[in-house]
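Following: one structure in structure tokens, then a few remarks.
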Amino acid sequence: MSAAKFDQIGQVLRENQRFAVLSHVRPDGDALGSQLALGLSLKQIGKQVRIWNEEGMLDKYSFLPQANLLTKAPSQAEDFDVVLALDTAIQNRLGNTVNAIKSAKIWVNIDHHPSNPRYGDVVYIDSNAPATGQILFELITNQKLPIDRAIAENLYVAISTDTGSFQYPNTTARTFEIAAALVKIGVDVGRVSQLTYENYPRRRIELLRDLLGTMRFSADNRIASFSLSLAAAKNLGVLPEDNEGLIDHLRAIHGVIVAIFFEELSDGKVRVSMRSKDERVNVCAICEKFGGGGHVLAAGARVKGTLAEVEKKILEEACDVVSRVT
Ligand code: AMP
Ligand code: MN
Ligand code: MN
């Protein structure tokens, strides 16, 4: 099934000329690395490629090879043959970049979120893949598209960040085989890891200190949560990108099954991030109840209400689920 699908996608890539490569708002390493990797490969076969994200390139990922090719979308819309939506569970998480697409003949949706409703004309969803970057490695090699060191580093960061440095349970033998192949192509593991994980701005750690001050436990210490108010975020001068991965400090606690991070947003909503350490506790299902989605062990939602209201609603639901299955 995947070989035929890769042939179909490969044909779309070869037979068209103008491509937009998009991914989700609040991008992570998988989103940005995947966009750059596929965009670079397409450029090398002579395609006209736009690589857009609502937020543009984040400072913390600006070390990615050819990072300057990834920009915010322009205000003037353009015509395309193909739009590629990568790593994006629901179409509206492409944010404002879709406003810059005046027309497109084909929408291609490549993702690894099981909750992806399969929007688009050509759809490839592999929910067993730990990262969209892993799917793209398979696609690029299967279709004999170009892959050089720059592309390999982008894919490596995509896979490394979405697997929590090759630790989460979705990390398989295949993931390590692909990582080995990327290293053979030229990825400098020490350098790239240092740039990814040992290069944080001080304010991120100040933020962690603040978050730990709000830490609370529910459901007999099986749920841990912390929260960030708009006022605290402003006070610390943090950027949205600063909190990627901080939830792992809660997940890392002995006995904790569900970790939850609540972040007050400026639009009257609260961003909820959830992680589970137990397959029986499906945080995607919890988040879907509140209009969100994601994976069984990592999911999110944006929920209307004040921080206190949303915390109460979500914690009640999570406690209910955790008490029922554990
Ligand atoms: P995060 O907690 O933001 O790192 O997201 C964890 C996972 O849930 C990611 O795979 C996201 O794609 C997914 N996710 C996060 N927020 C949402 C949302 N509002 N709607 C759908 N999926 C989401
Ligand atoms: Mn992502
Ligand atoms: Mn991903």
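The values are calculated or read from the model by the stated rules, or taken from the named source; none is laboratory data. Not measured: the values here are computed from a predicted model. Note that we place each Cβ from the backbone using ideal geometry, even for glycine, and neighbour counts take in every protein chain shown. Quick note on the areas: whole protein, heavy atoms, side chains included, nothing else; ligands and nucleic acids left out. Shrake-Rupley method; radii C 1.70, N 1.55, O 1.52, S 1.80 Å.
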- Query: Restricting attention to region 31-42, does a residue exist that is within 16 Å of ligand 3 (Cβ to nearest atom) and open to solvent by 10 Å² or more (accessible area, probe 1.4 Å)?
  - Reply: no
Only one of N109, N92 is within 24 Å of A298 (Cα to Cα), of a type in the set (S, T, N, Q) and within 16 Å of ligand 3 (Cβ to nearest atom), namely N109
Turns out the strands (runs of 3 or more DSSP E) fully within region 159-268 with at least 3 residues that are hydrophobic (A, V, I, L, M, F, W, C) and either surrounded by fewer than 13 Cβ atoms within 10 Å (Cβ to Cβ) or under 18 Å from the mean Cα position of the chain (by Cα) (or both) are 258-264
Of N68, N128, the only residue that is under 22 Å from T196 (Cβ atoms) and open to solvent by 20 Å² or more (accessible area, probe 1.4 Å) is N68
In region 150-165, is there at least one residue being among the hydroxyl-bearing types (S, T, Y), within 23 Å of Q194 (Cα to Cα) and in contact with a strand residue (DSSP E or B) (Cβ under 7 Å, 6 or more places away or on another chain)? no
Of the listed residues (G95, G133), the one being outside any loop (DSSP other than H, G, I, E, B), at positive phi and within 16 Å of ligand 1 (Cβ to nearest atom) is G95
Note on region 212-244: residues under 24 Å from K277 (Cβ atoms), in contact with a helix residue (DSSP H, G or I) (Cβ under 8 Å, 6 or more places away or on another chain) and not charged (D, E, K, R) are L212, M215, S218, A219, I223, A224, S225, F226, S227, L228, N243
Listed by first then second residue, the pairs whose first member lies in region 59-87 and is more than 22 Å from I110 (Cα to Cα), whose partner is open to solvent by 10 Å² or more (accessible area, probe 1.4 Å) and at pLDDT below 95, with beta carbons under 6 Å and at least 6 positions apart or on separate chains, are K60/E241
Do we find that N92 is without any contact (Cβ under 8 Å) to a residue 12 or more places away in the chain and within 16 Å of the chain's Cα centre (by Cα) in this structure? yes
Across region 269-302, the tally of residues that are open to solvent by 10 Å² or more (accessible area, probe 1.4 Å), more than 9 Å from ligand 1 (Cβ to nearest atom) and closer than 23 Å to L207 by Cα stands at 1
Practice prompt. Go through the residues of region 206-226 one by one and say whether even a single one is touching a Cys at 6+ places or on another chain (Cβ under 6 Å) and modelled with pLDDT of 95 or more.
Written response: yes
Of the conditions (1) touching a helix residue (DSSP H, G or I) at 6+ places or on another chain (Cβ under 9 Å); (2) surrounded by fewer than 17 Cβ atoms within 10 Å (Cβ to Cβ); (3) part of a loop (DSSP other than H, G, I, E, B), the single one that T88 does not satisfy is (2)
Selection from region 18-41 of residues charged (D, E, K, R), near ligand 2 (Cβ under 9 Å from one of its atoms) and modelled with pLDDT of 95 or more yields D28, D30
